[in-house]
1. Can you sort F114, F106 so the residue with the fewest Cβ neighbours within 10 Å comes first?
2. Given q = 0.09, 0.16, 0.17, 0.22 Å⁻¹, what are the Debye log10 I(q)/I(0) values for the range 16-144, with equal point scatterers placed on the Cα positions and solvent ignored?
Amino acid sequence: MLHKIKTFFIPFLYKGKNAKNWVSKNLKEQKKKKPKEINFVIDVNGEDIGSVGFSNICEFHKAEIGDWLAEKYWNNGIMTEAIKIATKFGFDKLKLKKIYAPVFSFNKASMRVFEKNNYKLEGILKKNVKKGDKLVDDYFFAKIK
């Protein structure tokens, strides 16, 4: 079992200069022949409420999917639908064969989102992420095409 500690970061809703930097970074990456990261903004009625995207894209064989949603939009099925759309994009457009998602052990709602999208639990990486002052486990979900 892997016992690697990593710093984990999911984009959140940026404002001002930070938003411009995030958009610029994504536009620059998108122009590459083989981008290592692709991110999408979740828009509801003209308001940016979250994001979903791929990182660690490995020669278009596999990639990690990550997501973030503003708390006031939780429990409305938005992220379940966003993961469904992004997964389809990953398999159909990027021609990925595997999409995986590490989920914090305490994030049961996120685990459920991946389960609803037919991702399977492949394993648990013990003390894999430093969150604040604590080391937490990652539940490793994946979907294979």
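1. Working: F114 25, F106 13.
Lowest to highest Cβ neighbour count: F106, F114.
2. With no solvent term, the Cα-only Debye profile gives -0.27, -0.88, -0.99, -1.42.
No lab work stands behind these numbers, since they all come straight from the coordinates. Everything quoted here is computed from the prediction, not taken from an experiment. A quick note on method: Cβ atoms are made from the backbone with ideal geometry, for glycine too, and the neighbour counts reach across all protein chains shown.
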